[in-house]
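This report concerns only the one structure given below.
The values are calculated or read from the model by the stated rules, or taken from the named source; none is laboratory data. All values reported here derive from a predicted model rather than from experimental measurement. Cβ coordinates were reconstructed from backbone atoms using ideal geometry, including for glycine residues, and neighbour counts include every protein chain displayed. For accessibility, only protein heavy atoms count, side chains too; no ligands or nucleic acids. Shrake-Rupley method; radii C 1.70, N 1.55, O 1.52, S 1.80 Å.
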Amino acid sequence: LIFCGKFFDGIKEEIIDDITILVRDGLIIDIGRNIETVEGVQVIDLSGFLVTPGLIDAHIHPEFFDWKTLYTDYADFSDEWISLATLRTAQKTLERGFTTIRVMGSLSRGYGLIDVREAINMNYFKGSRLVVSPHSYSATGGHGDLSQFLNRNSKVSEVLRSPSVGTG
């Protein structure tokens, strides 16, 4: 049983005072005032707080520990490193209230983002739910074509070209 001092449901543009939320087995059963409960129910008192549903970030690229080094990370680190960064991002976003993040494609060459999603779904790790497109799609020379940053070295540039980059 969660006592909310103030409650925002994300549907109506108003904040409601003194709402109670009943949760059973991780699912919300009832929301309102004067909810019937059983004796011995666990109580969480958030009467001094504003409670909202989890937030959703509908466009995120979580696969980097530091966005300032994303281009060198892509070239210097493995797909496993990218997966670890994705897991850390999912943990950080959950801590900040985002219960779901939608990954709009990755620069990784493998399917580590799917593996991170499954590990979270199987409760091996805490993190935001992931809705994942495992690979970015880009035109040659587009923002998803990181080979353009190494265009002076055509051999290395070709190696770094993602299979999801194309022309035609």
**Message:** Tell me whether the stretch 37-53 contains one or more residues that are more than 27 Å from His143 (Cβ to Cβ), over 16 Å from the mean Cα position of the chain (by Cα) and charged (D, E, K, R).
**Reply:** yes
**Message:** Going through Asp18, Asp9, Asp57, Asp45 one at a time, which residue ends up being open to solvent by less than 70 Å² (accessible area, probe 1.4 Å) and outside any loop (DSSP other than H, G, I, E, B)?
**Reply:** Asp57
**Asked** Residue check: is Ile11 of a type outside the set (D, E, K, R), over 30 Å from Asp115 (Cβ atoms) and in contact with a strand residue (DSSP E or B) (Cβ under 9 Å, 6 or more places away or on another chain)?
**Response** no
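Across the stretch 24-36, which residue is surrounded by the fewest Cβ atoms within 10 Å (Cβ to Cβ) among those that are aliphatic (A, V, I, L, M) and within 23 Å of the chain's Cα centre (by Cα)? It would help to see each step written out before you state the result.
Let us first name the residues in the stretch 24-36 that are aliphatic (A, V, I, L, M), namely 27-29, 31, 35.
After this cut, where a residue has to be within 23 Å of the chain's Cα centre (by Cα) as well, the list is 27-28.
Details: Leu27: 7, Ile28: 11.
The residue in question is Leu27.
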**Asked** Of all residues in the stretch 71-104 being open to solvent by 90 Å² or more (accessible area, probe 1.4 Å) and more than 14 Å from Phe125 (Cβ to Cβ), which is nearest to the chain's Cα centre (by Cα)?
**Response** Arg102
**Asked** Applying the selection to the stretch 148-168, what residues are closer than 14 Å to Arg109 by Cβ, at pLDDT 70 or above and either part of a loop (DSSP other than H, G, I, E, B) or in contact with a strand residue (DSSP E or B) (Cβ under 8 Å, 6 or more places away or on another chain) (or both)?
**Response** Ser164, Val165
**Item:** Considering residues of the stretch 60-70 that are surrounded by 11 or more Cβ atoms within 10 Å (Cβ to Cβ) and not aromatic (Phe, Trp, Tyr) only, the residue farthest from the chain's Cα centre (by Cα)
**Value:** Thr69
